[in-house]
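Worksheet: one structure, shown below.
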């Protein structure tokens, strides 16, 4: 019977518990962060109290991709493609002093939209990062199979 026991394994001992792994997986699948539509490795790491690389390994091992949307909801607006081109044009060649806010979300009224914009600006100013738009409207349309 002694031969059936596990021998010590090489390498550093595991630092993350099964409970921590389960907490990351459950939060990923069942909750969204308060200030976003999906988790990033950094937001989940902060939420779960583990490192971002640990979160990435847990997600990779379980094929979890919270940033991916399974379906693309196509508008039935007959002017949809023209509107996409207009919006992408603003990203590619913005007017002077333009402000674009790049986060997904749903707002039920003007007050929640304004509150979320102010919250986003406050958080962004804590850790600002440059963003460069790279795709044209036609590239987006081709990628998303929008006709």
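The values are calculated or read from the model by the stated rules, or taken from the named source; none is laboratory data. Predicted model only: the values in this text are computed from it and were never measured. Don't worry about glycine lacking a Cβ; one is built from the backbone with ideal geometry, like all the others, and counts go over all protein chains shown.
Looking at 37, 17, can you tell me which residue is exposed (fewer than 14 other Cβ atoms within 10 Å of the Cβ), touching a residue at least 60 places away in the same chain (Cβ under 8 Å) and either in the same structural domain as residue 127 (by TED's automatic domain parsing) or out of contact with any helix residue (DSSP H, G or I) (no Cβ under 6 Å at 6 or more places or on another chain) (or both)?
Details: 17 fails: touching a residue at least 60 places away in the same chain (Cβ under 8 Å).
Step by step, each of 37, 17 is checked, and only 37 is exposed (fewer than 14 other Cβ atoms within 10 Å of the Cβ), touching a residue at least 60 places away in the same chain (Cβ under 8 Å) and either in the same structural domain as residue 127 (by TED's automatic domain parsing) or out of contact with any helix residue (DSSP H, G or I) (no Cβ under 6 Å at 6 or more places or on another chain) (or both).
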Top-ranked residue of the stretch 119-137 - restricted to ones that are out of contact with any helix residue (DSSP H, G or I) (no Cβ under 8 Å at 6 or more places or on another chain) and part of a loop (DSSP other than H, G, I, E, B), ranked as farthest from residue 92 (Cα to Cα): 127
Residue under evaluation residue 96, criteria (1) loosely packed, with under 14 Cβ neighbours inside 10 Å; (2) in the same structural domain as residue 18 (by TED's automatic domain parsing), criterion not met: (2)
